[in-house]
Amino acid sequence: MKTSTPYTRFQSTLHKVLKRIQLESGQNTLFDEPQYAHKNNIVITGDDGLQKTFPAFRIQYNNARGPFKGGIRFHEDADEDEVKALAALMAIKTAVVNIPFGGAKGGVQVNPKGLTKKEVQEVAREYVRVFQEHLGPDIDCPAPDVNTNPDIMAWMRDEYEKLTRSYAPAMITGKPLSFGGSLGRDTATARGGFFILQEMVDRLALDPSDMRVAIQGFGNAGAHMARFLHNEGYIVVAVSDSQGGIYSPEGIDPVRIAKYKEKTGSVTGEYCEGSVCDTGRMNMDDVKKITNAQLLELDCDILIPAALDNVITADNAERIKAKYILELANGPTTPEADEILKKNDVRVIPDVLANAGGVTVSYFEWSQGRSGEQWTANIVDERLKRVMLDAYKAVRREARRKEMTYREAAFSVGIKRMMDAMAVRGWL
Ligand code: NAD
């Protein structure tokens, strides 16, 4: 059997949806490859005086609806195929939430944990130097992704401004608050996903206090989500990180877990001895250590993958007990797993909708950078809610009208919006 890759998995959904919306064959090919795939080597002189070389990518999938937009990841496994898939997902995502951007993604094949802070800064600045002509507030506006953060965004903006002798806060988003960032960007991905989940629960007349939630990943997306849900009365029964997870049918207090993670480096740290966890701090007798694989198959109502891609597959989809899956991670579910979940009536709120809060607040940051305004946290929150609920409504309606899964419906909504802009530009 041919092994799938991130991009072939993207194409599998893409082609299924293109068929459903009956594009004429010539038009289909317009979506099959990115508009531009820029590749280069980043060469830095390390602190030891030796040269280090890292392959780097900026893949620009589609800009019919606005400037290219998408994060830059620093990861030893980042390769062209993965970055291409993420760029394509970004184009669908910006169209689903109807913000005036296209889709792109960047990557540097590097393990930043093996570099000093000075070397990481050099990689960041060199990335801008090698791709400068392809970047800019009206051309392509990057953001953070895996292993990149506000400091890195600040260095990139500074490098760009030096090279172009301009003031360009809108050339990149996810910047520190003190250097052109937006309030609410740090919690935006979880907040956006929370608005959708809450709307779904309301519409289905479910009671949050009956909803048991398991969350894989306790980083930016997962930890904030756990806190929002806990505060609204949901029962967060399990959380995990790269070291493993903890489970309690009675519920876990994510604020306490965050504190212990900060101290011990893991959500499983300190609490657990063998397979039974120290309950003193949490007033629970039955907190258990679990693996990440066990977390996915727990007896719960809502499952939130918020860590890695490709974790819900043909191998475990049949054993998933949750009725609802909210994809905060990008690409957590394979197309084969999607089919199994559909058969089992599991509703999946797909990544291109569920985690679009991050790029939406990036758009707010870009707008503030261009206008010189500073929005309050309340304004950001209100506008984010409106964007997310409008997108959810459009996807829900499409799913109902066309009898599609939410992933197919989200792709359908996004592709049609892209096509409208492509038609105006004479690309079709
Ligand atoms: P993060 O680095 O802040 O957190 C990642 C979490 O995943 C950490 O808790 C880490 O321990 C855990 N993890 C790592 N390896 C794991 C493994 N093998 N098993 C289980 N857990 C593991 O990253 P993040 O920003 O929270 O991003 C998480 C996911 O959400 C990614 O897929 C990312 O692309 C997606 N996402 C994030 C944003 C955002 O704004 N942060 C926006 C859109 C999508």
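The values are calculated or read from the model by the stated rules, or taken from the named source; none is laboratory data. Keep in mind it's a predicted model, so treat the numbers as computed, not measured. Glycine also receives a Cβ, built like all others from the backbone with ideal geometry; neighbour counts cover every protein chain displayed.
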When residues of segment 1-52 are limited to those that are closer than 30 Å to LEU115 by Cβ, at pLDDT 95 or above and of a type in the set (S, T, N, Q), the one surrounded by the fewest Cβ atoms within 10 Å (Cβ to Cβ): GLN51
Scan of segment 384-428 for residues that are more than 24 Å from the chain's Cα centre (by Cα) and among the acidic types (Asp, Glu), ordered by number: GLU403, ASP420
Segment 324-348 residues that are part of a strand (DSSP E or B), paired with ones that are within 12 Å of the ligand (Cβ to nearest atom) (beta carbon under 6 Å, 6 or more apart): LEU326/GLY193; LEU326/ILE304; LEU326/ALA354
Candidate set from segment 216-234 (those that are surrounded by fewer than 22 Cβ atoms within 10 Å (Cβ to Cβ) and not in a helix (DSSP H, G or I)); member that is nearest to the chain's Cα centre (by Cα): GLY219
Residues of segment 300-353 that turn out to be farther than 20 Å from PHE194 by Cβ and surrounded by fewer than 19 Cβ atoms within 10 Å (Cβ to Cβ), as a count: 16
Total residues in segment 305-329, condition aliphatic (A, V, I, L, M) and near the ligand (Cβ under 10 Å from one of its atoms): 6
Test: GLY274 is within 10 Å of the ligand (Cβ to nearest atom), modelled with pLDDT under 95 and on the phi > 0 side of the Ramachandran plot: no
Only listed residue being aliphatic (A, V, I, L, M), outside the structural domain of PRO112 (by TED's automatic domain parsing) and in contact (Cβ under 8 Å) with a residue 12 or more places away in the chain, chosen from VAL83, VAL97, VAL43, VAL17: VAL17
